1. Once the range 1-92 is represented by equal point scatterers at the alpha-carbon sites, with solvent omitted, what log10 I(q)/I(0) does the Debye formula produce at q = 0.10, 0.19, 0.21, 0.22 Å⁻¹?
2. In whole Å, how far is the Cα centre of the range 89-140 from that of the range 24-50?
3. State the percentage of accessible surface on the chain attributable to carbon and sulfur atoms; use a 1.4 Å probe and exclude ligands, DNA and RNA.
4. Given a 1.4 Å probe and heavy atoms of the protein chains only, how would you sort ASP32, ASP233, largest accessible area at the top?
5. Run the 1.4 Å probe and let me know the accessible area of GLU256, rounded to the nearest 10 Å².
6. Just the accessible area for LEU280, please: 1.4 Å probe, Å², rounded to the nearest 10?
7. Could you give each residue of the range 112-121 its phi-based ³J(HN,Hα) in whole Hz, using Karplus coefficients 6.51, -1.76, 1.60 with θ = phi - 60°, and x for Gly or Pro?
8. Take each complete run of DSSP H in the chain, measure how far its Cα atoms stretch along the helix's own axis, and keep only those covering 15 Å or more with mean Kyte-Doolittle hydropathy at least -1.0; list them.
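The values are calculated or read from the model by the stated rules, or taken from the named source; none is laboratory data. Worth saying up front: this structure is predicted, and the values here are computed from it rather than measured. Calculation scope for accessible area: heavy atoms of the full protein, side chains included, ligands and nucleic acids excluded. Shrake-Rupley method; radii C 1.70, N 1.55, O 1.52, S 1.80 Å.
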Amino acid sequence: MSDVKARILALREQLDSYNYQYYVEDAPSVPDAEYDRLMRELVALEQAHPELLDPDSPSQKVGGAPVSAFPEVQHALPMLSLDNVFSDEELAAFEKRVMDRLDRAEPLDFCCEPKLDGLAVSLVYEQGRLVQAATRGDGSTGEGITENVRTIRAVPLKLKGEGWPARLEVRGEVYMPRAGFEKMNEDARAEGGKVFANPRNAAAGSLRQLDSRVTARRPLAFYCYGVGLVEGDALAERHFDILQQLKGWGLPVCPEIKRVQGRAGCQAYHDDILARRDRLPYEIDGVVYKVDELALQQQLGFVARAPRWATAHKFPAQEELTRLLKVEFQV
Ligand code: NAD
């Protein structure tokens with residue numbers, strides 16, 4: 001076996017095992033920056049050696065398999081991940097790819113959003129009432145966690161106002177605000193309970209509890225950032241405007257979301273949020289840029305695990321291996 005093939009197989013095995021720890025056990029053993037480094041190495045090797053591509057590679061998949069303790073929920077539209085950019089040059093390449101594909105010369109409108117570090121969920125409202133909540137799972141099948149989500153105060157059980165579609169699937173992030181996370185870990189330390197490595201794992205662990213009374217005691221919050229399958233044509237034609245509609249119906253939308261023009265607007269948004277990162281009441285690991293016009297999103301479509309019309313601009317890593325190991329050591 002060639003060295004490249006051996007390295008690819010080793011990376012796939014290692015990333016599969018990190019995925020299991022992260023998505024199924026809610027207990028990562030390495031920081032995200034380390035995971036991201038290995039994933040980028042794998043993607044680069046696979047791109048350079050397309051003959052070694054495998055649809056089962058972790059580079060082609062979303063999330064982890066759903067846990068059988070929860071009922072399975074099939075997503076009507078897949079819940080995908082996001083591509084990443086890590087630098088100004090990669091952001092420029094993203095904009096160029098999008099404009100070339102759309103054959104556009106003028107800067108496009110983008111909706112810019114904080115990339116909340118929590119857990120993606122899908123909420124289905126029928127006739128304005130919350131009837132189903134599910135995790136992303138592997139993107140096509142998630143875990144039914146309706147009872148747990150019903151305990152989150154930020155999630156309306158009934159939509160406000162009028163004009164909402166008969167069936168509305170909302171997508172967003174369940175997260176744990178910093179203050180709640182710190183207090184929860186302090187209490188756990190005092191009582192000798194489980195201490196979580198970071199708010200993301202705390203949110204995921206709290207949401208995927210078999211007893212919803214446990215979830216109800218955890219300081220979880222929710223922001224929505226999009227829609228899934230919608231029946232009826234009550235929605236606006238631009239992503240930013242849809243978020244304003246959702247807000248009007250009582251769904252929480254992050255106040256930091258902004259519409260900007262072109263890469264320059266995205267970059268300015270990125271720099272502003274990065275400068276204020278530590279003062280935000282929740283943890284974020286970057287910002288997300290989405291092509292605002294839905295018609296253009298449709299033209300751009302998807303690749304295996306992510307839409308072509310969006311990308312996450314990741315922030316430099318805060319979490320170092322030593323810190324993570326130290327936290328684990330204290331457990
Ligand atoms: P991702 O977290 O990079 O991006 C997709 C997710 O972003 C969505 O599913 C959604 O949950 C979230 N999101 C937050 N704000 C959003 C917004 N405004 N709009 C849209 N989505 C938003 O991708 P992923 O596939 O969920 O996870 C991959 C990342 O998870 C890796 O890059 C790594 O950082 C981390 N990870 C770490 C380990 C580990 O062992 N440390 C293992 C697996 C994954």
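1. Log10 of I(q)/I(0), two decimals: -0.32, -1.04, -1.18, -1.23.
2. 21
3. Here carbon and sulfur together make up 50 percent of the probe-accessible area.
4. The ordering from most to least exposed comes out as ASP233, ASP32.
5. 40
6. For LEU280, the solvent-accessible surface is approximately 10 Å².
7. Karplus values, whole Hz, x for Gly and Pro: 9, 9, x, 9, 5, 9, x, 10, 6, 10.
8. Passing helices, by number: 3-19, 32-48, 88-102, 262-276.
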